[in-house]
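Please read the structure below before turning to the comments.
The values are calculated or read from the model by the stated rules, or taken from the named source; none is laboratory data. All values reported here derive from a predicted model rather than from experimental measurement. For neighbour counting, all protein chains shown are included, and Cβ atoms are generated from backbone atoms with ideal geometry for every residue, glycine included. Just so you know, the surface numbers come from the protein's heavy atoms only, side chains and all, with ligands and any DNA or RNA stripped out. Shrake-Rupley method; radii C 1.70, N 1.55, O 1.52, S 1.80 Å.
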Amino acid sequence: MIYRLPPLNALRVFDAAARHLSFKGAAGELSITQAAVSHQIKSLEEYLGVELFRRSGRGVQLTEAARACLPKLREGFESLAAAVETIRERGEETDLLITAPPVFTARWLMPRLAEFGKREPRIELRVFASSRMVDAGALDSAALVGNLDLRDDVSGVEIHLGGGSYPGHRADHLFDVAAVAVASPELAHGGPPLKEPANLAQHVLLHDDAMDLVAHGDAWQKWLEVAGVADRVDGSRGPHFSSNILSLEAASQKLGVALALKPLVNADIASGRLWTPFTVELKPQSAYYLVCPEVIAERPAVAAFRKWLLEQAAGA
């Protein structure tokens, strides 16, 4: 059968413009000029004989014809990507890029990577810490797939702390989390008592942006509400940090009390570096997931890492 299809590049530009509802946004994603986007869209409209976009303020809106064809077009892109993947020979692939939240990387993943290295000595790992992985359940899957180059010999997986909905991706649940108050064991010696949550009124509260993302709001305020002392402790007091790694370091240096995610700090608590003065736990609607596009899920390096990581998570 001979398929009569428009140029693939024009379809890619159309898909990007439809996702962004902006020619400018599509140009930025595809690293081309806005004029080039307009030219590709115009040529595609002439080829199809229908209008695809209408101007709307600073952006554009899809026509009914465009909305009707988009699902099948995106299904076709996914099928094409999967077909290319089955053709390529991946037996010799040895590189794997892992992108994960900073505190997960430092506190949970790094202490275990030596074991993976012994198990899979041929796989070269690249580990990148990014707070973007704390997504509270939202992943721009279209952008992630769009950035994936199937010609690249490096596979990429991501660890997300979120709600678990990642369309077009394989998402494996690793473990749930609970936020607890932590401090240096020395903080209670020679200073204000720290025997019950109400005592936090006499201590510095250490805040961090990542924990607020996980809690879908002010993490300390929500923890104090669970503890039943929100009316006695001002949860807005204290310095703010950009990541949980910094707030935990501040807590270990006796600068105040921070919120931390169990089981990530289990080792710190067991070693005595940190201490949990209360049993109160804030349980957000988020968990850690291993996420990767379906089209690369069976690559040897990805499959090996997935199997090992799920084994590690089972014992977390």
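Entry comment: accessible area of segment 236-294 is 44 Å² per residue, from protein heavy atoms only and a probe of 1.4 Å.
Accessible area of residue 166 (1.4 Å probe, protein heavy atoms only, ligands and nucleic acids ignored): about 10 Å².
For the chain, carbon and sulfur atoms together expose 52% of the accessible surface, with a 1.4 angstrom probe and every protein chain in place. Applied to segment 273-289, the Karplus parametrisation 6.51 cos²θ - 1.76 cosθ + 1.60 on θ = phi - 60° returns per-residue 3J(HN,Hα) values of 5, 10, 9, 9, x, 10, 8, 5, 10, 9, 10, x, 8, 9, 8, 8, 10 Hz, with x for Gly and Pro.
What FRET efficiency would be calculated for the residue pair residue 188, residue 209, taking the C-beta separation as r and a Förster radius of 35 Å, to the nearest 0.05? FRET efficiency, residue 188 to residue 209: 0.80. Of 74, 55, the order by accessible heavy-atom surface (1.4 Å probe, DNA, RNA and ligands excluded), from most exposed downward, is 55, 74.
How far is the Cα center of segment 155-219 from the Cα center of segment 8-58, in Å? Rounded to whole Å, the Cα centres lie 42 Å apart.
Within the shell of other residues whose beta carbon sits under 13 angstrom from the beta carbon of residue 50, the net charge comes to -1, with Lys and Arg scored +1 and Asp and Glu -1. The loop-placed GluC sites (Glu not before Pro) in segment 221-281, going by DSSP, that have at most 16 neighbouring Cβ atoms within 10 Å of their Cβ come out as 281. Helical runs assigned H by DSSP (4 residues or longer) give the chain a calculated mean residue ellipticity at 222 nm of -12000 deg cm²/dmol, each run adding -39500 (n - 2.57) before division by the residue total.
Long hydrophobic helices in the chain: the complete DSSP H runs spanning 24 Å or more by Cα along their own axis with mean Kyte-Doolittle hydropathy of at least 0.0 are 64-87. Heavy-atom accessible area with a 1.4 Å probe sorts 212, 218, largest first, into 218, 212. Taking label positions 7 Å along the Cα-Cβ direction at both residue 312 and residue 240, the computed distance is 3.2 nm, reported to one decimal. Sorting 123, 32, 98 by solvent-accessible area of protein heavy atoms yields 32, 123, 98, largest first, with a 1.4 Å probe.
Toward the positive end of the charge dipole of segment 202-281, with +1 on the Cβ of Lys and Arg and -1 on the Cβ of Asp and Glu, the farthest Cα among 227, 253, 280 is that of 253. Diffusion coefficient (Stokes-Einstein, Kirkwood radius over C-alpha pairs, 25 °C, 0.890 mPa s) for the chain: 109 µm²/s, rounded to a whole number. Per residue, the accessible area of segment 1-74 comes to 66 Å², computed with a 1.4 Å probe over protein heavy atoms only.
Ligands, DNA and RNA aside, residue 173 has an accessible area near 90 Å² when probed at 1.4 Å.
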